[in-house]
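Enquirer: Dropping a structure here in structure tokens format, bear with me for questions.
The values are calculated or read from the model by the stated rules, or taken from the named source; none is laboratory data. Model, not experiment: these values are computed from the prediction. With ideal geometry, Cβ positions are generated from the backbone for all residues, glycine too; neighbour counts draw on all protein chains shown. Note: areas computed on protein heavy atoms with side chains; ligands, DNA, RNA excluded. Shrake-Rupley method; radii C 1.70, N 1.55, O 1.52, S 1.80 Å.
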Amino acid sequence: MDHVLGLKCVLCGAEYALDEVDYVCPRHPGAQTGPPPSQTGGREPGPGGDEGILDVIYDYRRIGRRFTRAGLARNRDYTIWRYKPLLPVRPDSPVPPLTVGWTPLYRADTLAATLGLNQVWIKDDGRQPTASFKDRASAVGLVRAQELGRAVITAASTGNAASSLAGLCASVGQRPIIFVPATAPKAKVAQLLLFGATVLAVQGTYDQAFDLCLAASREYGWYSRNTAYNPYLSEGKKTAALEICEQLGWQAPDRIFTSVGDGCIIGGLWKGLRDLLALGFIERMPRLMGVQAEGSAVLYNAWLAGTEEITPIVPTTLADSISVGIPRDRIKALRAVRQTGGEFVTVSDEEILAAMRALARGMGVFAEPAGATAYAGLVRLAHQGRIRPDERIVVLVTGNGLKDVDSAMQATATAPIPLEPTVEDLRATVTRLGLSH
Ligand SMILES: *Cc1c(COP(=O)(O)O)cnc(C)c1O
Ligand SMILES: [Zn+2]
């Protein structure tokens with residue numbers, strides 16, 4: 001892996017060789033090996049988290065010699081692995097067979113018109129193999145685990161990271177052990193179980209499931225696919241930014257909207273964009289727009305307050321995938337927004353439901369609540385007149401609506417029209433509803 005120089009701590013700047021550390025910077029208290037929370041009376045994570053997340057550092061000079069825009073144009077591999085020379089895996093490592101990445105980027109003129117904008121694109125990551133953006137990260141995490149020869153992979157998740165890991169593991173015969181809050185939506189749990197994962201349903205919050213999973217990883221040596229703990233996940237997530245720029249002919253958009261829970265997606269997008277700038281593939285940095293639910297707005301609050309410290313909350317939003325009280329990737333997320341001149345935005349659950357309706361009816365894209373949240377953020381800013389009509393806007397849809405059918409039913413605010421199985425009632429109904437012309 002001569003294209004990777006090492007790992008760098010986002011808190012203290014310490015640098016490590018790839019084989020020196022598996023996860024976080026060992027210099028910070030959160031990284032200490034300790035007994036599971038159950039044996040310490042339930043250790044609460046410190047405010048703001050105390051883990052030194054690592055960032056993968058590349059040798060862009062070396063990469064630039066063998067990885068070019070022209071080479072990509074000839075590459076017929078339409079998956080995230082077309083960017084393998086820019087990912088932290090060995091060039092000859094086998095990759096899972098599922099098609100991860102290269103999701104469609106739709107030009108959404110009808111939606112744009114309703115917002116008074118000219119150029120809006122929707123990138124539909126509900127089209128990933130397990131129907132969420134998380135497949136990008138799971139795929140890279142899985143390849144790393146296999147490079148290290150680890151038998152078991154573990155993850156804590158609000159649902160999608162887990163079902164994603166389980167699906168990718170199933171595709172290569174790897175064993176996943178998953179921690180989810182017992183309240184995770186049924187479809188996501190169904191995916192997990194059907195993929196054959198061992199599922200531990202924690203009678204508590206996602207944040208508690210996360211801490212238990214870390215404890216298990218330390219105690220049993222299971223490979224951890226935990227957000228903002230495993231440094232390779234952001235690298236998988238960055239592939240969405242690489243795709244967006246390539247799909248737009250290397251003309252970077254003005255803004256990219258994404259929903260934010262832990263902050264790993266937005267941090268990953270920023271990483272991908274920095275890679276492309278360093279390689280000279282794009283000329284300017286888009287503004288990264290992080291959209292949070294009002295009931296789960298910890299990073300928005302920190303951004304407003306001008307700090308990198310966070311105040312944990314008990315989150316309340318129907319967008320379960322971004323219902324996070326202690327955002328684990330706070331540093332990368334806050335820097336992604338601040339250093340690109342972006343913004344954080346909050347939206348209500350009502351606005352999220354309205355965005356689900358708009359995406360479905362104006363573009364035919366069926367999003368889960370967290371998947372439609374980015375679009376809700378764009379709607380809010382557009383209505384406030386804070387987006388110029390000529391700005392080139394990309395909105396990420398991060399998860400498929402089939403993941404959470406109860407919320408979809410809540411969003412639709414319509415019901416099927418009952419019909420007797422007779423032609424008479426058909427005629428009466430068509431006339432009553434004025435459908436005949
Ligand atoms: C995980 C997830 C998010 C949020 O990603 P973070 O990295 O936690 O900010 C958004 N939408 C969906 C559908 C997700 O599964
Ligand atoms: Zn450090």
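Enquirer: Within segment 246-302, restricting attention to residues that are among the basic types (Lys, Arg) and open to solvent by 20 Å² or more (accessible area, probe 1.4 Å), which residue is nearest to ligand 2 (Cβ to nearest atom)?
Expert: ARG274
Enquirer: From the list ALA215, ALA228, ALA241, which residue is of a type in the set (A, V, I, L, M), outside any strand (DSSP E or B) and over 30 Å from PRO286 (Cα atoms)?
Expert: None of the others qualify; the one that does is ALA215.
Enquirer: Just a yes or no: is a residue in segment 381-392 within 16 Å of ligand 2 (Cβ to nearest atom) and among the β-branched types (Val, Ile, Thr)? Explain how you work it out, then say what you get.
Expert: Just the residues of segment 381-392 that are within 16 Å of ligand 2 (Cβ to nearest atom), to begin with: none.
No: zero hits.
Enquirer: Then there's this: Which of (1) open to solvent by 80 Å² or more (accessible area, probe 1.4 Å); (2) at pLDDT 95 or above; (3) away from ligand 2 (no atom under 16 Å from the Cβ); (4) not β-branched (Val, Ile, Thr) is the odd one out, the single condition LEU86 does not satisfy?
Expert: With (1) open to solvent by 80 Å² or more (accessible area, probe 1.4 Å); (2) at pLDDT 95 or above; (3) away from ligand 2 (no atom under 16 Å from the Cβ); (4) not β-branched (Val, Ile, Thr) applied to LEU86, the lone miss is (1).
Enquirer: Working only within segment 288-335, note down all residues that are under 22 Å from ILE352 (Cβ atoms), away from ligand 1 (no atom under 16 Å from the Cβ) and either in a helix (DSSP H, G or I) or among the charged types (D, E, K, R) (or both).
Expert: Selection gives LEU304 alone.
Enquirer: Quick check: is even one residue across segment 231-246 farther than 24 Å from THR99 by Cβ and within 21 Å of the chain's Cα centre (by Cα)?
Expert: Yes, there is a match, as at least one residue in segment 231-246 is farther than 24 Å from THR99 by Cβ and within 21 Å of the chain's Cα centre (by Cα).
Enquirer: Condition check: crowded, with 19+ Cβ neighbours inside 10 Å and either touching a residue at least 40 places away in the same chain (Cβ under 8 Å) or farther than 24 Å from ASN400 by Cβ (or both). Does GLU219 satisfy that?
Expert: On the way: crowded, with 19+ Cβ neighbours inside 10 Å: no; either touching a residue at least 40 places away in the same chain (Cβ under 8 Å) or farther than 24 Å from ASN400 by Cβ (or both): yes.
Considered against the rule, which asks whether it is crowded, with 19+ Cβ neighbours inside 10 Å and either touching a residue at least 40 places away in the same chain (Cβ under 8 Å) or farther than 24 Å from ASN400 by Cβ (or both), GLU219 comes out as no.
Enquirer: Hey, another quick one. Restricted to segment 405-416, and to residues that are open to solvent by less than 100 Å² (accessible area, probe 1.4 Å) and out of contact with any helix residue (DSSP H, G or I) (no Cβ under 6 Å at 6 or more places or on another chain), which residue is farthest from GLU351 (Cα to Cα)?
Expert: ALA415
Enquirer: Taking only pairs six or more apart or across chains, which ones have beta-carbon atoms under 7 Å, a first residue in segment 274-293 that is modelled with pLDDT of 95 or more, and a second residue that is among the acidic types (Asp, Glu)?
Expert: Correct list of pairs: PRO286/ASP254; ARG287/ASP254; MET289/GLU343; ALA293/ASP349.
Enquirer: Oh, and also: For GLU391, all conditions in the list (1) open to solvent by less than 20 Å² (accessible area, probe 1.4 Å); (2) among the acidic types (Asp, Glu); (3) at pLDDT below 95 hold save one; what is the number of the exception?
Expert: Unmet condition: (3).
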